[in-house]
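These notes are about the structure you will find just below.
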Amino acid sequence: MQSGRRHRRRRKGALSFDNLVRILFLGLFLVFLLAPLYWTVVTSIKPVDDFMNIPPVWFPDHPTLVHYVAAMFTYRGLVGLINSAIVSTAATALSVVLGTMMGYSFARFNTGGQHLSFWVLSQRFMPPVAVVLPVFLLYRNYGLNDTRIGLILIYTVMTLPLSAWMMFAYFRQMPAELEEAALVDGYGRWGALWRVALPLALPGIIAAAVFAFIFCWSEFFFALVLTSRKAFTLPTIFRGFLGFQSSSYGEASALAIVSLVPSMILGMLVQRHLVRGLTLGAVRG
Amino acid sequence: MASVDLINGVVPPRRKASPLSVWTDRHIDWLLVAPAVILILALTIYPLAYSVWVAFVNFDFQIPGHAFVGLQNFEYVVEDPIARRSLMTTAVLSVSSVALEFLLGLGLALAMTKLFRGRGVIMLILIIPLFVSPVVVGQIWSLILQKAYGPFDYLISLLFGPTQISWVTGSPWKYFALITADVWQWTPFMFVILLAGLTSVSPELYEAAELDGVSRWQIFWNITLPQIAPMILIAVAFRLLDAVKLFDIIFIMTGGGPGTSTYTASFYLYQTGFQNFHLGQATAGSWLFLILSAALIMFLVRRLLRPEPV
């Protein structure tokens, strides 16, 4: 990658000082990054008696899973988990299908010109608070409040800029010759898209899907406003811990772990596409 | 451009084509875009249009009827000292978080450009926070900063003796707490994009500078920074546009408190609309906020984003 930099000739002393600073900085940042995660894991398996210990218990003598059980059942984490999984999966599927179609159209036919594509992109930056009130009122009229369908629809719209632009960038860097060959072979344009372009774009589609899924999985604001007792998702359960007592530290930590593990694993799988995913394809990683 | 052939050169399929398939084939470009556009129109543009009406009437769950009140809702928000303060808080918090994230992210990116053993693993660790729900981040930091029994308070008391400081409610510590949580989550974002920028700088540039005996500081200042400037702009723009929407960690860590002291713009509008049920005023405020952010979006997005920058 940047092998050229390794060939640079430097004085020995400067080199080791450099490395020292580098290692120190990286080390400190890794501690800053990992310590909170470690603490959360440890808190989630601590017996209640350990919570109010000074000095804090860095590792419990008798780890327990009671908090996970309580989080899943007493705090209805299981329902939230199921809702989150259903809503995120459905919204991701919808968003990726619609986004891929749109991205393909932008890339191959320049549909709507720059205006349309930028209009779609600007949706990504719109503050959710600006639409949530009218959406709430709209949903009230159609009985969509506190339903999974309502949440799926809004999440689809919210992730559309992401999936459309990621696929836009993906199709642009894919040569069009193969699709043209398919046209010559007598396929229609839909055939060229379905049989040729889509299979080739599969890696890009999977990456877009993972990023859309992580967005839906993590989303809090819309879920907070648009759901209550039935369709609530995993993140909304955390509002129950606001100003919480020490007795629920364990449940809060357990829920945090349950929420972050799936999206963390998914994210690491698409690490290669990370830069494109974070910038909606604006930067090629 | 090669795709021109795709647009014009419609080759009839071998089978006898039905009129319908000819029509769908000819209009494939708009047919592909239509479902997504319709959905966006239905769920963001239509509600926004509807909310124009809401902003000009008395829309309050506690008061029946929707009397036209003109600009009263807007006046209420503009004159509300809490609204002004929350806008200030939003600006201060987002600018300082993004600035810190940029500096730390740049430092990390510089430290990670070199290939070394264990780099892959460190890379995987560094990107973890990007996949954690902001609410969970807020929850985790609440646990860390918990008064009396949290690990942070304990470490501080070891270093400086016992303190009376409450890290999540005391001033100015609550702001530091919020910024820390944001920095924890989003420094990796800056890092990843800036690293992509750094690794794409051509090594020849550095070699030429080395031959000329240019000092390393000058290399950084005159070669590295200008080369990654577009990436810096994109990274900062993306972060800033997201940072002004700050809501989740406020909700979880401080609940806007104590009092209204950590209200951000989003949090203020949420409180006004969904806790105090002044929907007209909240909608008017949302419009003002939307216009402010739209100005920022137009400026940053139109200027900086291309599908593939040079």
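The values are calculated or read from the model by the stated rules, or taken from the named source; none is laboratory data. What you see is a predicted model, and the numbers here were worked out from it, not measured in a lab. Reconstructed Cβ throughout: ideal geometry from the backbone, glycine too, with neighbour counts over all protein chains shown.
The table below gives the values:
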{"item": "Filter result for B:I297 (part of a helix (DSSP H, G or I) and either touching a strand residue (DSSP E or B) at 6+ places or on another chain (Cβ under 7 Å) or closer than 25 Å to B:G105 by Cα (or both))", "result": "yes"}
{"item": "Single residue of region A:115-132 satisfying the filter (in contact (Cβ under 8 Å) with a residue 40 or more places away in the chain and in contact with a Leu (Cβ under 9 Å, 6 or more places away or on another chain)) that is nearest to the other protein chains (Cβ to nearest Cβ)", "result": "A:V129"}
{"item": "Meets criteria (over 30 Å from the mean Cα position of the chain (by Cα) and either farther than 24 Å from A:I237 by Cβ or modelled with pLDDT of 85 or more (or both)) for A:R10", "result": "yes"}
{"item": "Search result, residues across region B:255-266 that are within 10 Å of another protein chain (Cβ to nearest Cβ) and surrounded by fewer than 24 Cβ atoms within 10 Å (Cβ to Cβ)", "result": "B:G255, B:G257"}
{"item": "Members of region B:180-204 that are out of contact with any Gly (no Cβ under 9 Å at 6 or more places or on another chain) and of a type in the set (A, V, I, L, M, F, W, C)", "result": "B:V183, B:W184, B:L198, B:V201"}
{"item": "Residue count for region A:163-197, restricted to those that are facing another protein chain (nearest Cβ under 8 Å) and part of a helix (DSSP H, G or I)", "result": "15"}
{"item": "Identity of the residue in region A:87-135, over 20 Å from the mean Cα position of the chain (by Cα) and outside any helix (DSSP H, G or I), that ends up surrounded by the most Cβ atoms within 10 Å (Cβ to Cβ)", "result": "A:T111"}
{"item": "Helices (runs of 4 or more DSSP H) fully within region B:27-115 counting 3 or more residues that are under 30 Å from B:L195 (Cβ atoms) and of a type in the set (A, V, I, L, M, F, W, C)", "result": "B:81-112"}
{"item": "Residue check for B:R85: basic (K, R), in contact (Cβ under 8 Å) with a residue 24 or more places away in the chain and more than 8 Å from every other protein chain (Cβ to nearest Cβ)", "result": "yes"}
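Okay, residues lined up against (1) at pLDDT 90 or above; (2) under 30 Å from B:G65 (Cβ atoms):
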| site | (1), (2) |
| --- | --- |
| B:L233 | no, no |
| B:I250 | yes, no |
| B:Y263 | yes, yes |
| B:F267 | yes, yes |
| B:F277 | no, yes |
| B:F289 | yes, yes |
| B:A295 | no, no |
| B:M298 | no, no |
| B:V301 | no, no |
